[in-house]
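*Asks:* Sharing a structure below in structure tokens format, with a few things to ask.
Bear in mind these aren't lab numbers, they're just calculated from the coordinates by the rules spelled out. Bear in mind that the values here come from a model prediction, so they are computed numbers and not experimental data. Counting neighbours? That spans all protein chains shown, and the Cβs are built from the backbone with ideal geometry, glycine included.
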Amino acid sequence: MIPAPRSVRRSAGPGVPLDAATTLSAGPGTGTTERWLRLTLGAALGLSLPPAPESAGGPENTSGTESATGAENAPNTVRLRIDESLPPEAYVLDADSGRGIEIRGGSGAGVFWGAQTLRQLIGPEAFRRAPVRPGVTYTVPNLTVEDAPRFGWRGLMLDVSRHFMPKDGVLRQLDLMAAHKLNVFHFHLTDDQGWRIEIKRYPKLTETGSWRARTKFGHRASPHWEEKPHGGFYTQDDIREIVAYAAERHIAVVPEIDIPGHSQAAIAAYPELGNTDVVDTHSLSVWDTWGVSKNVLAPTDNALRFYEGVFEELLDLFPSEFIHVGGDECAKDQWKASPAAQARITELGLADEDALQSWFIRHFDDWLTARGRRLIGWDEILEGGLAPGATVSSWRGYRGGITAARAGHDVVMCPEQQVYLDHRQAEGPDEPVPIGFVRTLEDVYRFEPVPPELTPAQARHVLGTQANLWTEVMEDRDRVDYQAFPRLVAFAEVAWSALPPPAERDFADFEERMTAHYARLDALGVAYRPPAGPLPWQRRPGVLGRPIDGPPPNV
């Protein structure tokens, strides 16, 4: 099983058959798992999973003890129950040939994660969309699994700005996350290279900002261009569908709208947002190459009001507690050259341009807090002073997270050197568009999210961890698959399982379990990197990457 559960106790017996006679008994609060089992597991095995007779289901169980009246007479029933004695995302899966299968969870989410474990116990056929062996009876072995996650934030960030992923691809990503018990989808929706979400009061954000005339192919040093327009965006109904689909899988969607840097697409759509006294913003277009654009938002009241309007519509679409505002890689060149920006620094009594960026972030920290939400941003939001309520995504190593946690701020650990899955997976010349440091499957498996420098009290500010997928060199779904898998599987185990220290983790055991898991990925249609290296069609010969030699810093 992956991620590795906390406890598995096996017992004798023939196991529990899943066949045409199998019924489903869903207690209150378990409706999302009930629907998922019928739609997903039922479709894969060709089973209807009708409701169990009331006598086999019994009353709601909230004590953790067996309360299913007549359960002994229902060996073909899968029972779903809330057990309030368990932590919210914890579950107990009990399979017994005489009593059927029961999944108890501390909440609907716990029950759902237990159902994901049930799916793995059945076999790779349970990961397909239709039966491949009609009439075959699958058997779940007699066992009891007790499990709970290590972290409450088990995230994946997907950048859809550099390369747009159509809605169906996003829904598929959510299914892949759910299969690995990941529960936070960080949706990177805006950047210099494209604005991907409909904002009704500002239609030019998508009319102009959602597409670019051409695209650099490979690293920005590459001489290759794809000479055709690239773009796309999600309508507000698309977003509602994505959020609802994620919620059915107990995944929170955290949207990111980047400010004040990484904003060239927005400025191309609304030139008045830029530093018009130093740049002819009316000549800007959506950026067609990679890197960090110098075109950033002007520190004006107009820019604040504009983005308040953006966030007002965003809050109606995303119920998530956290809203990500980016805050990273904000080039200060234009502010230094701009008389208007310098006058604003003086007017506000700020020390410098770093403090001006902090002013931007603090404004939206206050604005979001007043509306019952929490601001999260990349660790550059520490520069110039951290906003009082801000949570930090620590990407430039561990240092930003350590600083924030010591100051009493919550942190999500996502250090570039460990969990940026766009980085190459091997040294070999066949890796497609090799970017960054080599990060193997074993490297990711040995990642430890909690820095040893933190005290136990400080470590409690580490909400969890997140893997990031930046898509500059991932032009389609298969390229995203290749970079993410199988490393995202190792990451999911780090995020979920109560593992020993990195040096003591049993990678050989994980590799052995991965042997079975590759068959599940095959059934799901995941274009992962094979252990022996890329397949011929996964390579990108002649397309420059960005190799970096030497060991990465661990800061």
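*Asks:* When only C-alpha pairs under 8 Å and at least 6 residues apart count, what is the relative contact order of the chain, in percent? It would help to have the intermediate numbers written out before the result.
*Replies:* Working: 1225 pairs, mean separation 75.4, N = 555.
So the answer I get is 14 percent.
*Asks:* Report, for the range 7-147, the % of DSSP beta bridges that are antiparallel, rounded to 5. Write down the numbers at each step before the final one.
*Replies:* Working: 18 of 28 bridges.
Bridges in the range 7-147 are about 65 percent antiparallel.
*Asks:* Give the Cα extents of the range 118-233 along the principal axes, in whole Å, largest first.
*Replies:* Over the range 118-233, Cα extents along the principal axes are 58, 34, 34 Å.
*Asks:* So what's the angle, to the nearest 10 degrees on a 0 to 90 scale, between helix 353-369 and the longest Cα principal axis of the chain?
*Replies:* Rounded to the nearest ten degrees, it is 40.
*Asks:* Quick check: convex hull of the Cα atoms in the range 423-495, volume per residue, rounded to a whole Å³? Write out the running numbers ahead of the final one.
*Replies:* Values: hull volume 7.8 nm³, N = 73.
Per residue, the Cα convex hull of the range 423-495 comes to 106 Å³.
*Asks:* Two decimals is fine: what's Rg over Rh for the range 439-555, C-alpha atoms, Kirkwood radius as Rh?
*Replies:* Values: Rg = 16.2 Å, Rh = 16.3 Å.
Answer for the range 439-555: 0.99.
*Asks:* Can you list, bin by bin at 5 Å, the percent of alpha carbon pairs in the range 262-402, starting at 0?
*Replies:* Reading the bins upward from 0: 2, 10, 18, 21, 22, 16, 9, 2, 0.
*Asks:* Another question about this same structure. Hand me the trypsin sites (Lys or Arg not before Pro) from the range 406-461 located in a DSSP loop with no more than 15 other Cβ atoms within 10 Å, in residue order please. Before the final figure, lay out the partial values.
*Replies:* Values: sites: R406, R424, R439, R446, R460; in loops: R424, R439, R446, R460.
Those that pass, being in a loop and sparsely packed, are R460.
*Asks:* Additional query: Distance in nm between label sites at T440 and K204, each 7 Å beyond Cα in the beta-carbon direction?
*Replies:* It is 5.2 nm.
*Asks:* Give me the mean projected area, in nm² to one decimal, of the convex hull enclosing the Cα positions of the chain.
*Replies:* Details: hull surface 104.4 nm².
Reported value for the Cα convex hull: 26.1 nm².
*Asks:* Ok, one more. Per DSSP H run of at least 4 residues, take -39500 (n - 2.57); add these up for the chain, divide by its residues and hand me the 222 nm value, nearest 500 deg cm²/dmol.
*Replies:* Details: 19 runs with 171 residues, N = 555.
Taken over the chain, the calculation gives -8500 deg cm²/dmol.
*Asks:* Moving on to the next point. Run the dipole for the range 153-547 about the Cα centre, Lys and Arg Cβ at +1, Asp and Glu Cβ at -1, nothing else charged, and hand back the magnitude in debye, nearest 20.
*Replies:* Numbers: 42 positive and 59 negative charges, 57 e Å.
So the dipole magnitude of the range 153-547 works out to roughly 280 debye.
*Asks:* Can you say what percent of the DSSP beta bridges in the chain, counting only those with both residues inside, are antiparallel? Round to 5. Kindly include the intermediate steps, with their values, before the conclusion.
*Replies:* Details: 24 of 68 bridges.
Rounded to the nearest five, the antiparallel share is 35 percent.
*Asks:* On to the next question. When the convex hull of the C-alpha atoms of the range 153-219 is computed, what volume per residue in Å³ does it have? Don't skip to the answer; put the middle values down first.
*Replies:* Working: hull volume 8.1 nm³, N = 67.
Residue-normalised Cα hull volume stands at 120 Å³.
*Asks:* Give me a comma-separated list of calculated 3J(HN,Hα) values for the range 9-25, in order, Karplus coefficients 6.51, -1.76, 1.60 applied at θ = phi - 60°, integers in Hz, x for any Gly or Pro.
*Replies:* Result, ordered by residue: 10, 9, 9, 6, x, x, x, 9, x, 10, 8, 4, 8, 5, 10, 10, 10 Hz.
*Asks:* Same structure again: Compare the peptides 190-198, 263-271 by average per-residue count of other Cβ atoms within 10 angstrom and give them in order, highest first. Can you show the working numbers first?
*Replies:* Working: 190-198: 26.4, 263-271: 24.3.
Top to bottom by mean Cβ count within 10 Å: 190-198, 263-271.
*Asks:* A further question follows. Report, by chain and number, residues whose modeled amide H sits under 5 Å from the one on F217, excluding near sequence neighbours (fewer than 5 apart, same chain).
*Replies:* Correct list: H224, W225, E226.
*Asks:* Using alpha carbon centroids, what distance separates the range 80-134 and the range 271-341, in Å?
*Replies:* Cα centroid to Cα centroid, the span is 46 Å.
*Asks:* Treat the range 372-448 as a sphere of radius equal to its Kirkwood radius over Cα pairs and apply Stokes-Einstein at 25 °C in a medium of 0.890 mPa s; give the translational diffusion coefficient in µm²/s, rounded to a whole number. Spell out each step's value before the answer.
*Replies:* On the way: Rh = 13.8 Å.
Diffusion coefficient, whole number: 178 µm²/s.
*Asks:* How big, in percent, is the set of alpha carbon pairs in the range 7-147 lying more than 25 Å apart? Working shown, then result.
*Replies:* Working: 1647 of 9870 pairs.
Considering the range 7-147, 17 percent of its Cα-Cα pairs are separated by more than 25 Å.
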